[in-house]
Amino acid sequence: MKTAQEIRPGQVIMIDGSPWKVQKNDFHRAGRGSAVNKMKLKNLLNGVQTETAFKSDDKLEQIVLEQKEVTYSYFADPMYVFVDSEYEQIEIEKEDLENVIDFIEDGMEDVCQAVFYDGKVISIDLPKTIVRQIAYTEPAARGDTTGKVMKIARLNSGYELKVSEFCEIGDFIEIDTIACEYKSRVKR
């Protein structure tokens, strides 16, 4: 058992018999009131997200889920198939990939983490940063260079995100998979 203050983002806690992944844990102390930790949580069984406040000294049950390194292999409608280092296939439905589905594309070499609960794979986590190629973006507008200028770019998977104005079609960019944001352009 850990106190709410000791729980870190990325850890999994058990609440009412369900595993919840902590996505964010902020400490707050307001006036004379007791300190609280506001947590952004995601239920690993059904994908529901919520924000909850705990007193900083509340005891929470931390659990450690089995994880296995896997790589994406292919899509067999409606299942996405990943393969571990021993070539064992792991199938997962599209609904269980809600946060990472936009970054999955054929030929990707990223090593992902398959998360298991009760022997069943419940989610796939991508590395914190990944590199993808821009499939389409508008050319930069001449003279529009004041401040942090961003424009929309589409990846090969069809996902759209904002990138710096200087990025062009065919450029490789680094993406933060937690915030789903552009980080930088990568030279290859």
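Here are the numbers:
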quantity: Cα centre as origin, Lys/Arg/Asp/Glu Cβ charges: region 41-80 dipole, Debye; calculated: 40 debye
quantity: Kirkwood Rh and Cα Rg combined as Rg/Rh, region 66-125; calculated: 0.91
quantity: Given charges at Cβ of Lys, Arg, Asp, Glu: the chain dipole, positive-most of Val70, Gln23, Ser56; calculated: Ser56
quantity: Full-stretch length increase - Gln113, Glu165 - with 0.36 nm per residue and alpha-carbon distance subtracted; calculated: 15.4 nm
quantity: Share of carbon and sulfur in the accessible heavy-atom surface of region 67-124 [1.4 Å probe, %]; calculated: 42 percent
quantity: Cβ-Cβ FRET estimate between Tyr87 and Lys128, R0 fixed at 25 Å, reported to 0.05; calculated: 0.45
quantity: Pairwise label distance in nanometres, Gln62 with Ser18, each label 7 Å out on the Cα-Cβ vector; calculated: 2.3 nm
quantity: Accessible area of region 22-181 divided out per residue, in Å², using a probe of 1.4 angstrom; calculated: 61 Å²
quantity: Centroid-to-centroid separation of region 147-178 and region 1-70 [C-alpha atoms, Å]; calculated: 32 Å
quantity: Relative contact order, percent, the chain [alpha-carbon distance under 8 Å, six or more residues apart]; calculated: 13 percent
quantity: Answer label, with Rg/Rh (Cα atoms, Kirkwood Rh) calculated from the coordinates and candidates (1) 1.12; (2) 1.05; (3) 0.95; calculated: (2)
quantity: Percent RCO, i.e. relative contact order, over region 9-100, from Cα pairs under 8 Å lying at least 6 residues apart; calculated: 19 percent
quantity: Nearest-20 debye value, the chain charge dipole, Cβ charges on Lys, Arg, Asp, Glu; calculated: 1220 debye
quantity: Estimated distance in nm for a label pair at Asn156 and Phe172, the labels positioned 7 Å out from Cα along Cα-to-Cβ; calculated: 1.1 nm
quantity: Added length on full extension, which subtracts the Cα-Cα distance from 0.36 nm per residue, Arg185 to Lys120; calculated: 19.7 nm
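The values are calculated or read from the model by the stated rules, or taken from the named source; none is laboratory data. Treat the numbers as computed from the prediction; the structure is a model and nothing was measured. Cβ: placed from backbone, ideal geometry, glycine included. Neighbour counts: every protein chain shown. Only protein heavy atoms, including side chains, enter the accessible area calculation; ligands, DNA and RNA are left aside. Shrake-Rupley method; radii C 1.70, N 1.55, O 1.52, S 1.80 Å.
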